[in-house]
1. Quick one: is Ala233 of a type in the set (Gly, Ala, Ser) and either surrounded by fewer than 20 Cβ atoms within 10 Å (Cβ to Cβ) or assigned by TED's automatic domain parsing to the domain that holds Ala279 (or both)?
2. Among the candidates Phe327, Phe307, Phe311, which residue alone is among the aromatic types (Phe, Trp, Tyr) and either within 28 Å of Thr11 (Cβ to Cβ) or at pLDDT below 95 (or both)?
3. Under 8 Å between Cβ atoms, which residue pairs at least 6 apart in sequence (or on different chains) link something in segment 136-157 that is touching a residue at least 40 places away in the same chain (Cβ under 8 Å) with a partner that is among the charged types (D, E, K, R) and assigned to a loop (DSSP other than H, G, I, E, B)?
4. Can Leu220 be described as more than 18 Å from Tyr326 (Cα to Cα) and in contact with a strand residue (DSSP E or B) (Cβ under 6 Å, 6 or more places away or on another chain)?
5. Search segment 6-23 for residues being in contact with a Gly (Cβ under 9 Å, 6 or more places away or on another chain) and in a loop (DSSP other than H, G, I, E, B), and hand back the single one that is nearest to Glu222 (Cα to Cα).
6. If we scan segment 303-311, do we find a residue that is aliphatic (A, V, I, L, M), in the same structural domain as Ala283 (by TED's automatic domain parsing), out of contact with any helix residue (DSSP H, G or I) (no Cβ under 6 Å at 6 or more places or on another chain) and assigned to a helix (DSSP H, G or I)?
7. In segment 364-393, what residues are at pLDDT below 95 and either within 12 Å of Pro319 (Cβ to Cβ) or in the same structural domain as Gln27 (by TED's automatic domain parsing) (or both)?
Amino acid sequence: MTDIHKTIVVTGIGVVSPYGIGLASLQAGLLSGKCCLEPTRDLYPGFAGTTARVSGLPLLPKGSGSHYSRSDRLAMEAARDAVANFDREEVSFMESGVVMANTVAGLSEIDPRIAQDPAAWYRHGGLLRAASYPVARVAASVAENLGISGPSCAVSVACASGAMAIALAANMLLDGAAPMILAGGSDALCPFTLSGFNSLQALDPGPCRPFDRNRKGLNLGEGSAVLVLETLAGAMARRANVLAVLRGWAMTNDASHPTAPQKQGDGLAVCMSRAMEMAEVGADEIGYVNAHGTGTPLNDIAEANAFQTAFRGRSHPVPVSSTKSYFGHCLGAAGALEAAIAIIAIRCGALFPTLRLTDPIESPGVDWLRGEIRRQPLPLAMSVSAGFGGSNAVLLFGSGCP
């Protein structure tokens, strides 16, 4: 029997992606198979997924004279979108909370002029803009914009940040920290980050090909996604529309290396197993896995090994794909955007293929999705995130009828 006080549900989803503003834009873009990766010349030749063509961005709160970074603006727009259909007379944000992930923070304010004339860049306030926007600023911006005065937390654990923000928010709800929490992630593209990944030789000069034998690296992207989380009891009390149920979640750390994943993917495999244990489901019940799938040589092998371990004994191969092939790796926002995609997959009954996957790496027990969208009922979908430092986070979603 479902305990409505311990069941965490999603009652709102806000998105800013290279496809546009709103969950509907993200869904339509994915279903069309459109790739949003575009050539970029910012310090390196390659491709990235940008929101530059999205109408109305970047946005500022009305009447605001404050300065906000691009990451802040993406986060605020996604948060506003997440609660756009809420009746503000019935839903008070006074006691609600915010948990937002970010990795870029004020780095998005560093522009190429620092390389051309560092002294001039410093004189014109460049250092102040970059240094005065810590990671916590993104969460604070969302709270300020919506008048949320409950707990406000920031998460920055590299590429697992967005998913971990959602997992931490779920734990806070179970602890009674707030009746409702807006959780997600936001990150903007910037030359500093692009050049950093380029120096690591982690970027593919063309559109990325996750899980392909001929993959050469990742493409960066930008965007934001915010999920409104509350207990089922709270959602039922206000007759809210339940979009999905967060059935299980888990967080682990490889404790192995500052940047490289643990080769066998042991920590990630444990994370997946723990999420399934929490949800009280078996490996055969997972209908789709939205992988971390960056396209780098080390990550894809480690993740494939983790799938083999976590889904060992499954009666049929587990369907897996990487939607980073559509608009790139959005860093601190990636886990939140991919959580939204997992929910879309459930609601549409659509398993999205990895684009440009023509020669998959060998991985017994894994059904690499490629080619056309696969249509089928999807009761449970898993979203997997991993990051530098060995951080792992896994979210397991079910349909809106617990």
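The values are calculated or read from the model by the stated rules, or taken from the named source; none is laboratory data. None of the values given here were measured: they were computed from a predicted structure. All Cβ positions, glycine included, derive from the backbone under ideal geometry; neighbour counts span all protein chains shown.
1. Yes; evaluated as a whole, the condition is true for this residue.
2. Details: Phe307 fails: either within 28 Å of Thr11 (Cβ to Cβ) or at pLDDT below 95 (or both); Phe311 fails: either within 28 Å of Thr11 (Cβ to Cβ) or at pLDDT below 95 (or both).
Exactly one of Phe327, Phe307, Phe311 is among the aromatic types (Phe, Trp, Tyr) and either within 28 Å of Thr11 (Cβ to Cβ) or at pLDDT below 95 (or both), namely Phe327.
3. Ser149/Glu95; Gly150/Glu95
4. no
5. It comes out as Pro18.
6. For segment 303-311, residues aliphatic (A, V, I, L, M), in the same structural domain as Ala283 (by TED's automatic domain parsing), out of contact with any helix residue (DSSP H, G or I) (no Cβ under 6 Å at 6 or more places or on another chain) and assigned to a helix (DSSP H, G or I): present.
7. Passing the criteria: only Gly365.
Here's the yes/no breakdown for (1) without any contact (Cβ under 8 Å) to a residue 24 or more places away in the chain; (2) buried (at least 23 other Cβ atoms within 10 Å of the Cβ):
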| site | (1), (2) |
| --- | --- |
| Arg239 | yes, no |
| Ala244 | no, yes |
| Ser256 | no, no |
| Ser273 | no, no |
| Met278 | no, no |
| Ala302 | no, yes |
| Arg312 | no, no |
| Ser315 | no, no |
